[in-house]
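Visitor: For reference, the structure I am asking about is given below.
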Amino acid sequence: MSNLITIREASDLLGVSVKTLRRWEQQGKISSIRTPGGHRRFRRQDLLQSGQANPSIIGYARVNRPEQKPQLDTQIKALEYFCHQQGQPFEILIDIGDGVSYNRPNFMRLVEMICRGEVKSLVLTHAETVSRFSHDFILGLCSLFKIQVILLNQPHESIAAEDLVDDLQALVTICYNRLYPLHNPAHQQLLEYLGALKNVRAA
């Protein structure tokens, strides 16, 4: 996602009218960049740090692999439908990656937004969307910052066996990679077992 957004996107982000944005720009409260065609563009981070931003509704969608785009689209549509019904500014964050690693760009951005007080409500189709095995941590973080968590729990969406295998394999790989460099004979049998599990594939 580009850091530069249109005036309409800035309006949605801050929950104010385009007219208000133009007035704030004239008053020096926010700044914009002009494209060669003369259109305004705003830096998302500048707007969020301007003191004019209100906490917004954030939806988060994730799938394990790029070929699961239909499932991702289903999540996004469900989130957008619900968020539109609230009549408030919202943004949908999207990641493609396993549910074990925290090294997902928009997951990290979500955590930063939570800690900066930029999130009013977090909307998920399932709790495991944010993390397969550690979603309680994120839900607890939201509770700490008084953020409402809304779980849509789409009945037609189920956890695919191959997704669970992928995430378990990611967890096994982390354990294997941390034990292997130790070269401890006592870990040899466990390493062989973990090595075998790394290559398991869902039927």
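Visitor: Working only within the stretch 101-150, note down all residues that are free of Cβ contacts under 8 Å to residues at least 24 places away in the same chain and under 10 Å from the mean Cα position of the chain (by Cα).
Guide: Of everything in the stretch 101-150, those that are free of Cβ contacts under 8 Å to residues at least 24 places away in the same chain and under 10 Å from the mean Cα position of the chain (by Cα) turn out to be Pro105, Met108, Arg109.
Visitor: So which residues in the stretch 25-38 are of a type in the set (Gly, Ala, Ser) and within 29 Å of the chain's Cα centre (by Cα), if there are any at all?
Guide: Of the residues in the stretch 25-38, the ones of a type in the set (Gly, Ala, Ser) are 28, 31-32, 37-38.
Matches in the stretch 25-38: Ser31, Ser32.
Visitor: From (1) in contact with a strand residue (DSSP E or B) (Cβ under 9 Å, 6 or more places away or on another chain); (2) in a helix (DSSP H, G or I); (3) at pLDDT below 85; (4) not small (Gly, Ala, Ser), pick out the condition that doesn't hold for Asp46.
Guide: (1)
For (1) within 17 Å of the chain's Cα centre (by Cα); (2) outside any helix (DSSP H, G or I); (3) outside the structural domain of Ser121 (by the TED database), each residue gets a yes or a no:
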| residue | (1), (2), (3) |
| --- | --- |
| Ser11 | no, no, yes |
| Arg23 | no, no, yes |
| Arg41 | no, yes, yes |
| Leu79 | yes, no, no |
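Visitor: Something else: Could you tell me how many of the residues in the stretch 124-146 are loosely packed, with under 14 Cβ neighbours inside 10 Å and among the basic types (Lys, Arg)?
Guide: Qualifying residue count for the region: 1.
Visitor: If I filter the stretch 60-108 down to residues being at pLDDT below 90 and basic (Lys, Arg), which single residue comes out as surrounded by the fewest Cβ atoms within 10 Å (Cβ to Cβ)?
Guide: Arg65
Visitor: I would also like to ask the following. Test each condition in (1) surrounded by 12 or more Cβ atoms within 10 Å (Cβ to Cβ); (2) part of a loop (DSSP other than H, G, I, E, B) for Pro36 and report the one that comes out false.
Guide: (1) is the only condition that Pro36 fails.
The values are calculated or read from the model by the stated rules, or taken from the named source; none is laboratory data. For clarity, every value in this text was computed on a predicted model and none was experimentally measured. FYI the Cβ positions are ideal-geometry reconstructions off the backbone, even for glycines, and counts take in every protein chain you see.
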